[in-house]
Amino acid sequence: MLLCLNIFTNSFSKGIPQPSCIKSERQALLKIKQQLKHSNMLDDWKAGNEDCCKWVRVFCNTVTGHVTELQLGSSNDTIASLRSKKAGSLKLGGKLSPALLDLKHLSYLDLSNNDFGPTQIPDWFWNLTSHLQYLNISGNQFQGKIPDLLTNQASLVLDLSFNNFTGSLPGISLNVTVLDLSNNVLSGSMSQFLCHKKHQMKLEVLNLEGNHLSGEIPDCWEKWRSLVAIELCNNNFSGGIPSSMGALTSLESLHLRNNHLEGEIPDSLTNCTQLLTLEFATNHLSGEIPPWMGERLSKLIIISFQSNRFHGHVPEQICGLSSLQILDLSHNNLSGNIPSCINNLTAMISRKMSRGKISYKTSKGCFFDNMALMMKGTMLDYSNTLGLIKLVDLSDNNLSGEIPEEMTMLTGLLSLNLSKNHLVGKIPSNIGAIKTLECVDLSENNLSGKIPDSMSELSFLSYLNLSYNNLTGQIPTGTQLQSFSASSFLGNKLYGPPLPTPKT
C-alpha cells in the first residue's frame, strides 16, 4: 500500500521571510548527525551554518522557526533537491540519537529506506509517537517488539513496514489513522488488537500483509467503521470472513489473498457499497459467487477470487458492474456458460488510458492499491499501472458452451484467459476487434474450426496459447502469428508456420 499524504502544513513558503531556527534545536540536529553515518547527505548540517531551517531535509514552521519536519528517507532526494543541490542519494546508517526527543515541535519524521543494519529500536524512540503526525521507518532492518502505542495525542500515520519486527500486534490509540505493519515477522492472533474497544477507532488504513499472523480473523469490526482499506494478505489466517465486516460501510479496498480462509462470502458485505476492490484469491472459500455483488457493490473495479472452491454459475448480475476492469475467477469449480451479457462491462470497452493508479481517499491524502495478477503466464505485481489493466480470467474451471460473440465487444481488454475449461464452438470471428489484446489463452478446451483471420489484426499480442483444442486448417500466414513458437498451436489439426512441416 502506498500513500500520498497531505500533512505538510508548516513547510517553507517561497517569498515569505522566515525566522532563523531555534538554537537548542540546531544543537539537537548536530547531535543527531553525530550518531549517523551520512556520507555527504548532511554536509550542510554544520555549527557554522546557523540557520538550520535552511539545512537540507530540515523544514521549519514559517512563523515560529521551530523544526517541524525531518525528511531523511533515502527516497526523498527530489524533495530535498528543492532545498539544496548537495542532496545525496546515499543512505543513512549509524544509530538513532535520543536528541530527536529535544525537537519538541517535530510532527513529521521520515527515516525510510536507509541502511541502519540489524538494529534494535531503543525504547525511548517510541516516545516520539506521542506528538508526531507522521512516522515512517519502513524499509530498514529494525528489530525488536513494537510496544503498545496508546499515548499519541495527534492524528498519526505510522509506517513500520519492511522491517524485522517480531512479537504480537501492538495496541493502538483511537488517534492512529494509518497503520502499516506489512512485511515484518509479527505473529499471533488479531483478537487482542481488534476487539474490546470502548470507542470508535479512527483508523482508515490497516496493512498487515506479509506477516505470520494466525487464528481466525476476529468477528468484532463494529468499532472500526472509519476503515477505507484493509490488507491482510500472505498470513496464516483461518476460519471464515467475519460477518461484522459488514459494519465497515466506508470500506473501499479489502485484500485477504493467500490465507486459509474457508466458508462462504457473508451476505453482510452487501452493506459495504463503497467497495472498489475485493481480493479473496488463494484461499479455501466455497459456495456460489453471490449474485448480489453485481447489484449492491456497483462501484467494484476489481474482483479477484482465483484459486478457491467456488462452484455454480458465473452470475449474470456480474454484468451490471459497469466499472469492473479486472475479473479473475480462475482456478475454481465454476460451471455453465459464460454470460452473454459480458459486453455490459463497459469499463472494459473503453480504450481511454485511465490513471495508472487506483486510489482511495483518506483524511491524510490518498491510498494507492496494489495486487498480484497473472499476465502472460507469469504472476506480476501491479501498483503504479494497476488502473490500466483490463482483464478477464475464467481459466481452470468447468465452464461449457461457446465463447459468446459479445466478448469481442470488450475492445479495451488487455488479457483474456479462458483456458482449461470445456468450451466448444469456434473462436469468435471478430476477436480482432479487441485491438488492445496483449495476451490470449484459449488452450485446453474443445474449440473447433479455423483460427479467425481477424486474429492477425492483434498487433499488440505478445502471448498466445491455442494449444490442445480441435482447431483445423492453416494458421493465417503473413502475420505476426508466425512469430509465436509452435507450442502455441500444438494439439490441434493445424498446419503452416510456425508448426513444423509434416514429413511425407
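The values are calculated or read from the model by the stated rules, or taken from the named source; none is laboratory data. Remember, predicted model here, so these are calculated numbers, not experimental data. Don't worry about glycine lacking a Cβ; one is built from the backbone with ideal geometry, like all the others, and counts go over all protein chains shown. The area values use the complete protein model at the heavy-atom level, side chains included, leaving out ligands, DNA and RNA. Shrake-Rupley method; radii C 1.70, N 1.55, O 1.52, S 1.80 Å.
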Report task. Quick one: count up the residues across the stretch 181-193 that are farther than 19 Å from PRO218 by Cα and surrounded by 21 or more Cβ atoms within 10 Å (Cβ to Cβ). Result -> 1
Query raised in the report: Can you name the residue in the stretch 31-53 that is assigned to a helix (DSSP H, G or I) and not β-branched (Val, Ile, Thr) and, of all such residues, is nearest to GLY94 (Cα to Cα)?
Result: GLN35
Requested in this report: Scan the stretch 260-277 for residues that are more than 20 Å from the chain's Cα centre (by Cα), part of a loop (DSSP other than H, G, I, E, B) and buried (at least 20 other Cβ atoms within 10 Å of the Cβ) and report the count.
Outcome: 1
Query raised in the report: What are the pairs, 6+ residues apart or on separate chains, where a residue within the stretch 155-170 that is on the phi < 0 side of the Ramachandran plot has its Cβ under 6 Å from a residue that is surrounded by fewer than 18 Cβ atoms within 10 Å (Cβ to Cβ) and hydrophobic (A, V, I, L, M, F, W, C)?
Result: ASN164/VAL185; THR166/VAL185
Report summary line: Taking first residues from the stretch 24-41 that are touching a residue at least 60 places away in the same chain (Cβ under 8 Å) and in the same structural domain as LEU92 (by the TED database) and second residues anywhere that are assigned to a loop (DSSP other than H, G, I, E, B) and open to solvent by 40 Å² or more (accessible area, probe 1.4 Å), the pairs with Cβ under 6 Å that are 6 or more apart or on different chains are GLN35/LYS95
Query raised in the report: Looking at this structure, is GLN141 loosely packed, with under 15 Cβ neighbours inside 10 Å and closer than 23 Å to LEU194 by Cα?
Result: no
Query raised in the report: Which of the residues that make up the stretch 458-481 are closer than 28 Å to SER350 by Cβ and surrounded by fewer than 17 Cβ atoms within 10 Å (Cβ to Cβ)?
Result: SER459, PHE460, SER462, THR479, GLN480
Report task. Please report, ordered by residue number, the strands (runs of 3 or more DSSP E) entirely within the stretch 213-259 with at least 1 residues that are under 22 Å from SER168 (Cβ atoms) and of a type in the set (S, T, N, Q). Result -> 236-239
Report task. Could you grab me the full set of residues in the stretch 287-309 that are among the hydroxyl-bearing types (Ser, Thr, Tyr) and either farther than 23 Å from SER335 by Cα or more than 21 Å from the chain's Cα centre (by Cα) (or both)? Result -> SER298
**Report entry** Filter result (open to solvent by 50 Å² or more (accessible area, probe 1.4 Å), more than 15 Å from LEU329 (Cβ to Cβ) and part of a strand (DSSP E or B)) within the stretch 388-408
**Finding:** GLU402
Query raised in the report: Of ILE342, ILE338, which residue is part of a helix (DSSP H, G or I), farther than 25 Å from ASN259 by Cα and β-branched (Val, Ile, Thr)?
Result: ILE342
Query - Residues satisfying the stated conditions in the stretch 484-504, i.e. part of a helix (DSSP H, G or I) and over 19 Å from GLY432 (Cβ atoms) - result: ALA486, SER487
Report summary line: Result of the Cβ filter at 6 Å on the stretch 89-101, keeping first residues that are assigned by the TED database to the domain that holds HIS66 and partners that are polar (S, T, N, Q) and not in a helix (DSSP H, G or I), at least 6 apart or interchain, is LEU90/SER39; LYS91/SER74; LYS91/ASN114; LEU92/ASN114
Report summary line: Across the stretch 361-385, the tally of residues that are part of a strand (DSSP E or B) and either more than 25 Å from VAL157 (Cα to Cα) or among the charged types (D, E, K, R) (or both) stands at 9
Query raised in the report: Right, LEU481: out of contact with any His (no Cβ under 9 Å at 6 or more places or on another chain), of a type in the set (A, V, I, L, M, F, W, C), part of a helix (DSSP H, G or I) and more than 29 Å from ILE302 (Cβ to Cβ) or not?
Result: yes
Query raised in the report: For the stretch 97-108, does any single residue satisfy the condition of being at pLDDT below 90 and either outside any strand (DSSP E or B) or of a type in the set (Asp, Glu) (or both)?
Result: no
Query raised in the report: For the stretch 415-435, what are the residues that are buried (at least 22 other Cβ atoms within 10 Å of the Cβ) and in a loop (DSSP other than H, G, I, E, B)?
Result: LEU418, SER419, ASN421, ILE427, ILE434
